[in-house]
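Chemist: Questions regarding the structure given below will be posed in turn.
The values are calculated or read from the model by the stated rules, or taken from the named source; none is laboratory data. Here the structure is a predicted model, which means the values were calculated and not measured. A quick note on method: Cβ atoms are made from the backbone with ideal geometry, for glycine too, and the neighbour counts reach across all protein chains shown. Only protein heavy atoms, including side chains, enter the accessible area calculation; ligands, DNA and RNA are left aside. Shrake-Rupley method; radii C 1.70, N 1.55, O 1.52, S 1.80 Å.
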Amino acid sequence: MSDKLLNLVVDLYGCPNRCLHCWLGHMPNRRMEDDADRFIVDYFSPYFDRIAFYSWLREPDFCDDYAERWERDLAVSRNARPERFELASFWRIVRDENYIPFLRTVGVKKVQLTFFGLEATQDRYVGRKGAYREVMEATDLLIRGGILPRWQCFVNEENRGEIVDLLRISEGIRESSCPELEFFVHEGTCDGENRKLYPIRILKRHIPEELLPVWPDSATLTTEKDCCGILEADDSRPSFPVGEQVTLNISNEYDVYYNYTHMTKPWVIGNLKKEDPASLIRRILSGDTFALRAAGKHTWAELARRYGDPSSDRVFSLEDFRMYLVNRELERAE
Ligand code: SF4
């Protein structure tokens, strides 16, 4: 029996959006079987004493009976409690007048809303017409419902001007109705759908000055070139050891993944319907997976030399750049 806390994060219902930056990657929506929650928890129960069950991996509260669903998440969890975080469904906020009161009852005080630009850009990036109008309406409804909105903006070469416009809009809302409205920007990771946006990743020299105060750690921003320089003498190999908590993403086809980077074929650890628990759990805890074995064949220096662009001014945190390199290698090894 492992003494680690196990978080099971399951795509029971799917997501109404198809964001161009989605780090998980796009997957078809499929409502899983009614007893999927119990089956999944029972699968792991002989090996973990503490299990927190989450019925949403993509959109929170996407099912119509979200209040009962939350109670069931609590009931099927064992000696642990799932968290709400600062997440909610803007799709549901604008469609269901009971939703914000529900969020308050489960202790949500702040909700993060994601922006990519003004109306046409936001609708295109979310993959739905009306998404901009909805996220603005959700902002208003949250403020009136006593929950603080936090705007997060993904900035790239294409939308950097519009993100400045959004900053101005947020300042207007702060002055008129919500002085505490939060606003921040970042470049996003480079996995999942966001990997396809590499060509328009923001260049450090093009970051609008107005955005620097709302860019966390803007004073220490690194670029692809900086990351290549840091890694050029790093002879250690990629390794992603399991920590005190094990968090697993589970697809609607029962495929199991760690909760970092995207959910693509090379990252599948195994399938709950096809494999016996003892062998799958051994591989989860020991990192004995296709992706980690393939990534560990090379040093960071080799990966950076092979896939990094030492002349690139694209903004990258070192951690995101490392994952980008690993995924470049897996694309080749697949
Ligand atoms: S980023 Fe979130 S809301 Fe957008 S498609 Fe992915 S899971 Fe859905």
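Chemist: Rounded to the nearest percent, how much of the accessible area of the chain (1.4 Å probe, protein heavy atoms only) is carbon and sulfur?
Modeler: About 50 percent, which is the carbon plus sulfur part of the accessible surface.
Chemist: Restricting to Cα pairs below 8 Å that are 6+ residues apart, what does the relative contact order work out to for the stretch 132-277? Please round to a whole percent.
Modeler: So the answer I get is 18 percent.
Chemist: Would you please give the residues with an amide H less than 5 Å from that of L5, counting only those at least 5 places away or on a separate chain, with H modeled from the backbone geometry?
Modeler: Amide H neighbours of L5, under 5 Å, 5+ apart: V246.
Chemist: Sticking with this structure for a sec: Treating cross-link reach as a plain straight distance, find the aspartates and glutamates whose alpha-carbon is under 14 Å from the alpha-carbon of K204, omitting any fewer than eight places away in the same chain.
Modeler: Excluding near neighbours in sequence, the set is E157, E158, E187, D217, E224, D226, D313.
Chemist: What whole-number distance in Å separates the alpha-carbon centres of the stretch 195-241 and the stretch 46-63?
Modeler: Rounded to whole Å, the Cα centres lie 32 Å apart.
Chemist: Report, in whole Å, the centroid distance computed from the Cα atoms of the stretch 76-121 and the stretch 285-328.
Modeler: Computed from Cα coordinates, the inter-centre distance equals 33 Å.
Chemist: What percent does the relative contact order of the stretch 1-126 come to when contacts are Cα pairs within less than 8 Å and at least six residues apart?
Modeler: Computed value for the stretch 1-126: 29 percent relative contact order.
Chemist: Where Lys and Arg each count +1 and Asp and Glu each count -1, what net charge lies around T121 among other residues with Cβ under 12 Å from its Cβ? Don't skip to the end; give the middle numbers.
Modeler: Working: positive: R124, R160; negative: E119, D123, E158, E162, D165.
Here the count lands on -3.
Chemist: Give the cysteines in the chain for which no other Cys Cβ lies under 4.7 Å away, or write none if there are none.
Modeler: Cys with no partner Cβ under 4.7 Å: C15, C63, C153, C178, C190, C227, C228.
Chemist: Using a cut-off of 17 Å between alpha-carbon atoms, which aspartates and glutamates can reach K265, once sequence neighbours fewer than 8 places away in the same chain are excluded?
Modeler: Those aspartates and glutamates meeting the cut-off are D11, D191, E193, E253, D255, E275, D288, E329, E331, E334.
Chemist: Grab the other residues whose beta carbon is less than 13 angstrom from that of C15, score K and R as +1, D and E as -1, and report the net.
Modeler: Every neighbour counted, the sum reads +2.
Chemist: Another question, then. From Cα pairs below 8 angstrom and at least 6 apart in sequence, can you work out the relative contact order of the chain, rounded to a whole percent?
Modeler: Numbers: 569 pairs, mean separation 67.0, N = 334.
Dividing the mean separation by the residue count of the chain yields 20 percent.
Chemist: Quick one: what are the phi-derived ³J(HN,Hα) couplings along the stretch 53-61, Karplus 6.51/-1.76/1.60 with θ = phi - 60°, whole Hz, x for glycine and proline?
Modeler: 9, 10, 8, 9, 10, 9, 8, x, 6
Chemist: Something else: When Lys and Arg each count +1 and Asp and Glu each count -1, what net charge do the other residues less than 11 Å away from Y99, Cβ to Cβ, add up to?
Modeler: My count for the surroundings of Y99 gives -1.
Chemist: Related question: If you count the DSSP beta bridges with both ends in the chain, what percent of them are antiparallel, to the nearest 5?
Modeler: Counting only bridges with both partners in the chain, antiparallel ones make up about 30 percent.
Chemist: Taking only the C-alpha atoms, wrap a convex hull around the chain and report its volume per residue in Å³ as a whole number.
Modeler: 138 Å³
Chemist: For each pair in K110/K273; K196/K297; K4/K274; K129/K196, compute the distance between the two Cα atoms and list the pairs where it is over 28 Å.
Modeler: K110/K273
Chemist: Right, next: Which one, A278, P266, W300, is farthest towards the positive end of the dipole of the stretch 254-301 when Lys and Arg carry +1 and Asp and Glu -1 on their Cβ?
Modeler: Positive-most Cα among the choices belongs to W300.
Chemist: Short version: ³J(HN,Hα) in whole Hz for each residue of the stretch 67-77, in order, from phi by Karplus 6.51 cos²θ - 1.76 cosθ + 1.60 (θ = phi - 60°), x for Gly and Pro, what are they?
Modeler: Whole-Hz 3J(HN,Hα) from phi for the stretch 67-77: 5, 5, 4, 4, 4, 6, 4, 5, 5, 7, 5.
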